[in-house]
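Okay, structure first, notes after.
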Amino acid sequence: MKHKFSGTGVALITPFRPDGNVDIPALRKLVDHVVTGGVEYLVALGTTSEAATLSEDERMLVLETILEQNGGRVHTVAGVGGNNTAEAVQKLGKGLPKGVDGVLSVVPYYNKPTQDGMFAHFSAVAQATDLPVILYNVPGRTASNMRAQTTLKLAHTFSNIVAVKEASGDLLQMMEIIAGKPEGFALLSGDDALTQPIIAMGGEGVVSVVANAWARPFSDMVRHQLANRTQEAQKLHYLLLETINLLFAEGNPGGIKALLNHMQICENVLRLPLVKVTEALSEKLLQQMNLINQNLKP
């Protein structure tokens, strides 16, 4: 794996206790679960973490807990972004805790900036930190798609913009980025269900949701495909595909929290405006968990 963020990064959830507070023991358990499961790096305070509902003190508590429990075993990326450029720049200017190896920064949401606005925003972000920056394009959440030309312009302009997490679902757009990217820049899948084909066409990894639960088989699938062992990768891809589809059927992170609760890793608690998935979906996830466990037996 040549790139620092090749392989599987896991977008960690934030466990909550029934009283709504951050569940630190469960977060530590989750970190150990995914690190021993073989992921290449951790992503803290991304969308899956419900960061939008965390106070600034809680965000720092979550990040510092992840860093402490990880203990430098794998890289850690911190989500720093938003729709207020000045605020993002200010956070980066203050510096991040020791042990943070990179920044994941989302396309500004709600404002719906133009492509020029996105370029100006990420230019400010890149210049505010010496850390490697991973762009995050997720138009389903931001209502704005960062086009391939904008991503490539940023990649060619700023040496510390090292990757893009592409969650547009647009394979043609991703191929345009892969074809035109500079050396040292990586395209990472932002969609678990598309990861295997994205790597097959030149992507270098993923920032994953399902790896919170199925760290070992999913990261094995990624490593197989990176090594062009497509047949082995496809077996794991199709083993996990129905679970991946179910995870997002009623929104993220509702699905993954229900699954992690079945695995006895954390409570099934979300913060409003998010709520638990339905009992019917939870039962389907349990059935898939049992099926996968049977298939993974030696």
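Each of Leu135, His156, Ser208 was scored by the projection of its Cα onto the charge dipole of segment 7-216, and the greatest displacement toward the positive side belongs to His156; charges sit on the C-beta of Lys, Arg, Asp and Glu. Label separation (Met175 vs Glu279): 4.7 nm, computed from points 7 Å beyond Cα along the C-beta direction. With q set to 0.18 Å⁻¹, the log10 of I(q)/I(0) for segment 7-216, from the Debye formula over equal scatterers at the Cα positions, is -1.33.
Close amide-amide hydrogen proximity is noted between Leu42 and Val10, His75, Thr76, Val77, each under 5 Å apart and 5 or more residues distant or on a separate chain (H modeled in the peptide plane; Pro and chain starts excluded).
Does segment 229-298 come out rounded, prolate or oblate, given a ≥ b ≥ c as the square roots of the eigenvalues of its C-alpha gyration tensor, rounded meaning a/c under 1.5 and, failing that, prolate meaning a/b above b/c? Prolate, because a/c is 1.5 or more and a/b exceeds b/c. Taking the chain as a Gaussian network of alpha-carbon nodes connected by springs under 10 Å, the highest mean-square fluctuation of the residues Glu204, Glu68, Glu267 belongs to Glu68. Across the chain, C-alpha contacts under 8 Å between residues 6 or more apart give a mean separation that, scaled by the residue count, equals a relative contact order of 19 percent. When only the Cβ of Lys, Arg, Asp and Glu is charged (+1, +1, -1, -1), the dipole of the chain relative to its Cα centre reaches about 340 debye.
Please find, in a Gaussian network model of the chain (springs between Cα atoms separated by less than 10 Å), the residue of Ala88, Ala163, Ala227 whose mean-square fluctuation is greatest. Among Ala88, Ala163, Ala227, the largest GNM mean-square fluctuation belongs to Ala227. When the Gaussian network model of the chain links Cα atoms closer than 10 Å, the mean-square fluctuations of Val34, Val22, Val162 top out at Val22. Taking a Cβ cut-off of under 11 Å around Leu285, the surrounding Lys, Arg, Asp and Glu residues balance to a net charge of -2, with basic ones at +1 and acidic ones at -1. Charged neighbours of Gly72, selected by a Cβ distance under 11 Å, balance to 0 (K, R count +1; D, E count -1). Can you compute log10 of I(q)/I(0) for segment 145-226 with the Debye formula, treating each Cα as one identical point scatterer, at q = 0.12, 0.18, 0.24, 0.27 Å⁻¹? Log-scaled intensity ratios, in q order: -0.33, -0.70, -1.11, -1.30. Summarising the strand pairing of the chain, around 5 percent of its internal DSSP beta bridges are antiparallel.
Dipole of the chain (Lys/Arg Cβ +1, Asp/Glu Cβ -1, origin at the Cα centre): which of Ser282, Gln225, Ile13 lies farthest to the positive side? Final value for the positive-end residue is Gln225. Counting only residues at least eight positions apart within a chain, or on another chain, the aspartates and glutamates with an alpha carbon under 14 Å from that of Lys29 are Glu68, Glu267.
To the nearest 0.05, what FRET efficiency results for Gln234 and Gln264 with a Förster distance of 30 Å applied to their C-beta separation?
It comes out at approximately 0.50.
Could you tell me which of rounded, prolate or oblate describes segment 1-88, using a ≥ b ≥ c as the square roots of the eigenvalues of the alpha-carbon gyration tensor, with rounded for a/c under 1.5 and, failing that, prolate when a/b is larger than b/c and oblate otherwise? Here segment 1-88 falls in the oblate category. About the centre of its Cα atoms, segment 59-120 shows a dipole size close to 60 debye [charges on the beta carbon of Lys, Arg (+1) and Asp, Glu (-1) only; nearest 20 debye]. For Val103, nonlocal amide neighbours, meaning residues 5 or more places apart or on other chains whose placed amide H falls under 5 Å from its own, are Ala78, Val133, Ile134.
Summing charges over neighbours of Glu183, with a neighbour being any other residue whose Cβ is under 15 Å away from its Cβ, gives +2 when K and R count +1 and D and E count -1.
FYI, it's all coordinate maths here, none of it is from the lab. Bear in mind the structure is a predicted one, so any value in this text is a computation, not a measurement. For neighbour counting, all protein chains shown are included, and Cβ atoms are generated from backbone atoms with ideal geometry for every residue, glycine included.
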